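Reviewing the structure listed below.
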Amino acid sequence: MCGIVGYVGRKAAAPSLIEGLTRLEYRGYDSAGVAVLGPKGTTRVRTVGRVRALEAALPKRLSGRIGIGHTRWATHGPAEERNAHPHSSADGRISVVHNGIIDNAANLRSALEAEGVRLSSDTDTEAVAHLIARAEAETLEDAVLDALGRLSGTYALAVLDERHPDRIVVARSGSPLIVGVGEKEMFVASDVAALVQHTNRVVHLDDGELATVTADGFVTFDRDSNETGRVPVEISVAAEDLELSGHEHYMLKELCEQPEAAATCLRGRLDERFATARLDGLALDARELRSFRRVKILGCGSAYYVGQVGAQLIEDLARIPADAEAASEFRYRRPIIESDTLYVVVSQSGETADTAFAVNEIKRKGGRVIGLVNVVGSSIAREVDGGVYLHAGPEIAVASTKALTNMALSFAMLALHLGRLHDLSFADGKRIIAGLERIPAQIQDIIDASDGFAPIVGKLAQSTSAFYIGRVRGFPVAREGAQKLKEISYVHAEAYQTSELKHGPLALINPDMPTVAIVPDDELTQRNIAACEQVLARKGPLVAITHPGVDLAHLGVDTVVVPKNEPELDPILLTIPTQILAYRAAVALGHDVDKPRNLAKSVTVE
Ligand code: AGP
């Protein structure tokens with residue numbers, strides 16, 4: 001949720017740090033800070049608010065060639081300057097930036113205070129700075145190792161020391177940390193977004209690994225000081241992928257990129273000859289895949305809702321019992337891990353702490369877990385036994401769009417693959433492939449028609465609360481629709497199974513409570529129309545997201561008509577208008593669409 005950057009080289013560090021922090025702002029953005037080490041010691045500047053406030057506060061002449069920086073999303077203590085990173089030791093010699101949470105921070109802080117240390121913040125990180133400064137060690141590396149020995153929790157740390165002004169020492173346990181390799185300059189970041197402007201050669205540190213980074217290179221080592229000899233890999237993300245490219249918001253850009261992203265996700269994976277999908281990264285052969293009696297899908301937030309779409313696809317196409325659960329709950333309920341269950345985790349960032357914990361728990365108990373992940377080399381992608389990359393490209397907006405669509409497409413391919421290993425016919429396999437191939441153009445059709453959504457946007461933006469209802473395949477669509485509206489427009493929205501409306505929530509229907517109903521052209525259309533009539537009878541305004549063949553004219557309601565695909569794949573397309581409606585409502589309300597309040601792109605804390 002927070003962002004780390006570091007620079008050491010021949011140039012002034014501050015511009016690189018500010019640029020990196022600006023690129024990481026989407027991860028957390030209530031305060032920011034840098035520490036730059038120059039000939040006269042460390043200059044530390046921290047401000048509340050956006051990185052541009054930090055940039056404005058920097059001294060004009062800040063010539064140090066080594067420095068670290070941080071954007072913060074508050075966990076320990078409010079968003080105040082004294083809680084912003086970098087934190088430093090009492091004498092200012094040691095500066096530390098940190099992502100993650102130190103679980104035993106309260107004990108460490110008490111112990112430090114008992115030893116006479118005056119703490120100046122509410123944070124867990126400040127304790128780390130003091131511990132490093134107080135370690136009896138010759139080298140910064142040993143001092144950091146000494147301090148790490150007293151920490152429990154998760155961290156990505158970058159440390160500067162005035163006594164060793166040529167180096168940044170970094171350490172990782174549970175939070176991502178990347179070293180970027182340049183020409184006579186080196187970079188440190190928690191996310192490749194901060195590096196791609198300068199280099200595409202990176203080293204993703206492993207948990208338990210540290211590195212010493214100087215202008216001339218880096219050395220990686222483990223907690224026993226043994227060198228781990230890591231070599232850089234090339235990443236394919238280009239700096240242009242992270243630009244707005246003329247769009248007003250990243251969410252709009254990413255929403256519009258969906259046809260292309262969907263095509264990329266499907267490319268080379270649909271096998272016409274055997275009417276199946278080829279997912280080489282699964283690392284599971286046909287015999288193993290046939291042996292699973294159940295599929296359990298785990299993700300958080302919108303990824304969990306797409307997991308519900310995935311579970312339905314797997315039950316429909318492969319006839320294997322499947323369900324989705326919030327990974328954030330799964331990890332706390334002593335789940336029973338079964339050897340004949342295939343566990344599937346789904347995550348755009350690949351860094352969501354709750355999902356990562358679920359992976360660890362499943363693996364510890366002997367379960368087989370695969371991942372549907374967007375960010376290549378992310379923690380979850382590296383931890384799972386195999387998986388499917390989403391190939392959505394970088395996603396910056398907090399509200400996920402193209403990654404979610406590609407998650408659904410990946411589930412469809414997984415379901416097709418499993419189905420063809422069970423009893424899905426060749427003809428049905430071909431039918432699903434043809435449906436998948438139509439999806440990119442159909443998404444484009446929805447986007448092209450979206451100017452017609454304006455009257456509906458107005459109604460949603462003016463309301464204080466809305467219902468989203470859907471039945472069976474439509475229910476996860478309703479959940480995701482409600483989530484999007486809440487997330488960026490701050491209009492309260494609740495999703496309900498259409499069938500459950502009459503069991504309670506119907507009492508809330510009134511002229512000020514719009515309902516967005518998912519009404520696909522399928523075997524449940526008439527049941528859905530009957531529910532719409534019940535809403536209208538209570539004078540509730542109604543919007544139907546529906547298909548061309550569905551006759552709603554007699555109801556006189558607002559409709560969004562989405563191209564029809566195969567019934568199993570329809571949820572993918574029905575979701576697109578809900579993204580557009582939420583985006584436009586948020587814009588109409590004047591909200592910061594890409595950085596909604598209280599939220600961060602990647603939730604790396606519990
Ligand atoms: C989606 O719009 C949300 N920002 C959020 O629910 C998100 O899907 C969730 O936090 C999971 O993130 P992940 O895909 O990176 O694991």
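Considering each of Glu243, Glu260, Glu288 in turn, give the residue that is more than 15 Å from His391 (Cα to Cα) and at pLDDT 95 or above.
Going through Glu243, Glu260, Glu288 in turn, the sole match is Glu288.
Do you know which of the residues in segment 583-606 that are among the aliphatic types (A, V, I, L, M) and within 14 Å of the ligand (Cβ to nearest atom) is farthest from Ser379 (Cα to Cα)?
Ala586
Of the residues that make up segment 499-510, is at least one under 18 Å from Val560 (Cβ atoms) and in contact with a strand residue (DSSP E or B) (Cβ under 8 Å, 6 or more places away or on another chain)?
No, that holds for no residue.
Quick check: anything in segment 105-114 open to solvent by less than 20 Å² (accessible area, probe 1.4 Å) and within 27 Å of the chain's Cα centre (by Cα)?
Checked segment 105-114: at least one residue is open to solvent by less than 20 Å² (accessible area, probe 1.4 Å) and within 27 Å of the chain's Cα centre (by Cα).
For segment 426-442, how many residues meet the condition of being open to solvent by 50 Å² or more (accessible area, probe 1.4 Å) and of a type in the set (Gly, Ala, Ser)?
Selection size over segment 426-442: 2.
Is it the case, given these coordinates, that Lys365 is more than 18 Å from the chain's Cα centre (by Cα), among the charged types (D, E, K, R), more than 14 Å from the ligand (Cβ to nearest atom) and crowded, with 24+ Cβ neighbours inside 10 Å?
On the way: more than 18 Å from the chain's Cα centre (by Cα): yes; among the charged types (D, E, K, R): yes; more than 14 Å from the ligand (Cβ to nearest atom): yes; crowded, with 24+ Cβ neighbours inside 10 Å: no.
No; evaluated as a whole, the condition is false for this residue.
Okay, residues lined up against (1) of a type in the set (Lys, Arg); (2) in contact (Cβ under 8 Å) with a residue 40 or more places away in the chain; (3) farther than 26 Å from Ser110 by Cα:
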| position | (1), (2), (3) |
| --- | --- |
| Leu131 | no, no, no |
| Glu141 | no, yes, no |
| Leu148 | no, yes, no |
| Leu160 | no, yes, no |
| Gly174 | no, yes, no |
| Val188 | no, yes, yes |
| Val196 | no, yes, yes |
| His204 | no, yes, yes |
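Among the candidates Ala324, Ala399, Ala353, single out the residue that is more than 12 Å from the chain's Cα centre (by Cα) and closer than 30 Å to Asp191 by Cα.
It is Ala324.
Which pairs do you get when a residue that is in contact (Cβ under 8 Å) with a residue 40 or more places away in the chain, found in segment 291-305, comes within reach of a residue that is of a type in the set (Lys, Arg) and more than 8 Å from the ligand (Cβ to nearest atom), reach meaning Cβ atoms under 6 angstrom, with the pair 6+ apart or on two chains?
Short answer, once both residue conditions are applied: Tyr305/Arg479.
For the structure I just gave you, tell me whether Ala277 is open to solvent by 40 Å² or more (accessible area, probe 1.4 Å), small (Gly, Ala, Ser) and touching an Asp or Glu at 6+ places or on another chain (Cβ under 7 Å).
Working: open to solvent by 40 Å² or more (accessible area, probe 1.4 Å): no; small (Gly, Ala, Ser): yes; touching an Asp or Glu at 6+ places or on another chain (Cβ under 7 Å): yes.
No, not satisfied.
Just one of (1) of a type in the set (Asp, Glu); (2) open to solvent by 10 Å² or more (accessible area, probe 1.4 Å); (3) in contact (Cβ under 8 Å) with a residue 40 or more places away in the chain trips up Asp592, so point out which.
Every listed condition holds for Asp592 apart from (3).
Can you name the number of the only condition in (1) β-branched (Val, Ile, Thr); (2) out of contact with any Lys or Arg (no Cβ under 9 Å at 6 or more places or on another chain); (3) within 13 Å of the ligand (Cβ to nearest atom); (4) outside any loop (DSSP other than H, G, I, E, B) that Ile370 fails?
All conditions pass for Ile370, except number (3).
Got a sec? Which of Ala158, Ala143 is out of contact with any Gly (no Cβ under 9 Å at 6 or more places or on another chain) and either closer than 20 Å to Gly41 by Cα or open to solvent by less than 10 Å² (accessible area, probe 1.4 Å) (or both)?
None of the others qualify; the one that does is Ala143.
Can you run down the residue pairs with Cβ atoms below 8 Å, 6 or more apart or on separate chains, where the first is in segment 337-354 and within 7 Å of the ligand (Cβ to nearest atom) and the partner is assigned to a loop (DSSP other than H, G, I, E, B) and charged (D, E, K, R)?
Correct list of pairs: Gln348/Glu395; Ser349/Lys601.
For segment 562-582, does any single residue satisfy the condition of being among the small types (Gly, Ala, Ser), open to solvent by less than 40 Å² (accessible area, probe 1.4 Å), in a helix (DSSP H, G or I) and within 16 Å of the ligand (Cβ to nearest atom)? Break it down stepwise before answering.
Our first condition is that a residue be among the small types (Gly, Ala, Ser); within segment 562-582, this holds for 582.
Checking the rest, the ones that are also open to solvent by less than 40 Å² (accessible area, probe 1.4 Å) come to 582.
Okay, now just the ones that are also in a helix (DSSP H, G or I), so 582.
Keeping just the survivors that are within 16 Å of the ligand (Cβ to nearest atom) gives 582.
Checked against the condition, which is being among the small types (Gly, Ala, Ser), open to solvent by less than 40 Å² (accessible area, probe 1.4 Å), in a helix (DSSP H, G or I) and within 16 Å of the ligand (Cβ to nearest atom), segment 562-582 yields at least one hit.
Given Leu255, Leu284, Leu244, which one is part of a loop (DSSP other than H, G, I, E, B) and closer than 27 Å to Asp354 by Cα?
Unique residue meeting the criteria: Leu284.
Considering every residue within segment 458-473, establish whether at least one is touching a residue at least 60 places away in the same chain (Cβ under 8 Å), open to solvent by 30 Å² or more (accessible area, probe 1.4 Å) and closer than 28 Å to Thr264 by Cα.
Among the residues of segment 458-473, at least one is touching a residue at least 60 places away in the same chain (Cβ under 8 Å), open to solvent by 30 Å² or more (accessible area, probe 1.4 Å) and closer than 28 Å to Thr264 by Cα, which makes the answer yes.
Do we have Thr341 as in contact with a strand residue (DSSP E or B) (Cβ under 6 Å, 6 or more places away or on another chain), farther than 23 Å from Pro571 by Cβ, modelled with pLDDT of 95 or more and not aliphatic (A, V, I, L, M) here?
Numbers: in contact with a strand residue (DSSP E or B) (Cβ under 6 Å, 6 or more places away or on another chain): yes; farther than 23 Å from Pro571 by Cβ: yes; modelled with pLDDT of 95 or more: yes; not aliphatic (A, V, I, L, M): yes.
Criteria met by Thr341.
Scan segment 399-425 residue by residue and report those that are part of a loop (DSSP other than H, G, I, E, B) and either buried (at least 21 other Cβ atoms within 10 Å of the Cβ) or polar (S, T, N, Q) (or both).
Ala399, Ser400, Thr401, Leu424, Ser425
So Ile446 fits all but one of (1) in contact with a Cys (Cβ under 8 Å, 6 or more places away or on another chain); (2) away from the ligand (no atom under 16 Å from the Cβ); what number is the exception?
That leaves (1) as the condition not met.
What pairs come up if the first residue lies in segment 255-270 and is farther than 23 Å from Tyr583 by Cα, the second is assigned to a helix (DSSP H, G or I) and open to solvent by less than 10 Å² (accessible area, probe 1.4 Å), and their beta carbons are under 7 Å apart, counting only those six or more places apart or on different chains?
Cys265/Asn406; Cys265/Leu409; Cys265/Ser410; Leu266/Leu409; Leu266/Leu436; Arg269/Met413; Leu270/Ile433; Leu270/Leu436
Among Glu80, Glu55, which is within 20 Å of Thr123 (Cα to Cα) and out of contact with any strand residue (DSSP E or B) (no Cβ under 6 Å at 6 or more places or on another chain)?
Result: Glu80 is the single residue among Glu80, Glu55 that is within 20 Å of Thr123 (Cα to Cα) and out of contact with any strand residue (DSSP E or B) (no Cβ under 6 Å at 6 or more places or on another chain).
Has segment 350-360 got at least one residue that is of a type in the set (Ser, Thr, Tyr), in contact with a Cys (Cβ under 9 Å, 6 or more places away or on another chain) and either at pLDDT 95 or above or outside any strand (DSSP E or B) (or both)? Don't jump to the end; show me each part of the working.
Going residue by residue through segment 350-360, those that are of a type in the set (Ser, Thr, Tyr) are 352, 355.
Narrowing further to those that are in contact with a Cys (Cβ under 9 Å, 6 or more places away or on another chain): 352, 355.
Those still in the list that are either at pLDDT 95 or above or outside any strand (DSSP E or B) (or both) too: 352, 355.
Yes; the residues of segment 350-360 include at least one that is of a type in the set (Ser, Thr, Tyr), in contact with a Cys (Cβ under 9 Å, 6 or more places away or on another chain) and either at pLDDT 95 or above or outside any strand (DSSP E or B) (or both).
Could you tell me which residue of segment 289-329 is nearest to the ligand (Cβ to nearest atom), considering only residues that are in a strand (DSSP E or B) and open to solvent by less than 10 Å² (accessible area, probe 1.4 Å)?
If we filter segment 289-329 for residues that are in a strand (DSSP E or B), which is where we start, we get 294-299, 322-326.
Going one step further and asking which of them are open to solvent by less than 10 Å² (accessible area, probe 1.4 Å), we end up with 295, 297-299.
Values: Val295: 18, Ile297: 13, Leu298: 10, Gly299: 6 Å.
This residue is Gly299.
Just to be sure, is Leu421 touching a Lys or Arg at 6+ places or on another chain (Cβ under 9 Å), of a type in the set (A, V, I, L, M) and more than 16 Å from the ligand (Cβ to nearest atom)?
Spelling it out, Leu421 is indeed touching a Lys or Arg at 6+ places or on another chain (Cβ under 9 Å), of a type in the set (A, V, I, L, M) and more than 16 Å from the ligand (Cβ to nearest atom).
Pull up segment 48-67, narrow it to residues that are in a loop (DSSP other than H, G, I, E, B) and in contact (Cβ under 8 Å) with a residue 12 or more places away in the chain, then point me to the one that is surrounded by the fewest Cβ atoms within 10 Å (Cβ to Cβ). Break it down into steps so the answer makes sense when it comes.
Start the filter on segment 48-67 by keeping residues that are in a loop (DSSP other than H, G, I, E, B), which leaves 49-50, 58-65.
So of that shortlist, the ones also in contact (Cβ under 8 Å) with a residue 12 or more places away in the chain come out as 49-50, 58-59, 62-65.
Numbers: Gly49: 14, Arg50: 18, Leu58: 17, Pro59: 10, Leu62: 17, Ser63: 14, Gly64: 22, Arg65: 21.
My answer is Pro59.
I'd like the residue in segment 381-398 that is assigned to a loop (DSSP other than H, G, I, E, B), of a type in the set (Gly, Ala, Ser) and within 13 Å of the ligand (Cβ to nearest atom) and, out of all such residues, is surrounded by the most Cβ atoms within 10 Å (Cβ to Cβ).
Ala392
The values are calculated or read from the model by the stated rules, or taken from the named source; none is laboratory data. Only a predicted model underlies this, so the values are computations on that prediction, with no experimental measurement involved. Neighbour counts run over all protein chains shown; Cβ positions are idealised from the backbone, glycine included. Calculation scope for accessible area: heavy atoms of the full protein, side chains included, ligands and nucleic acids excluded. Shrake-Rupley method; radii C 1.70, N 1.55, O 1.52, S 1.80 Å.
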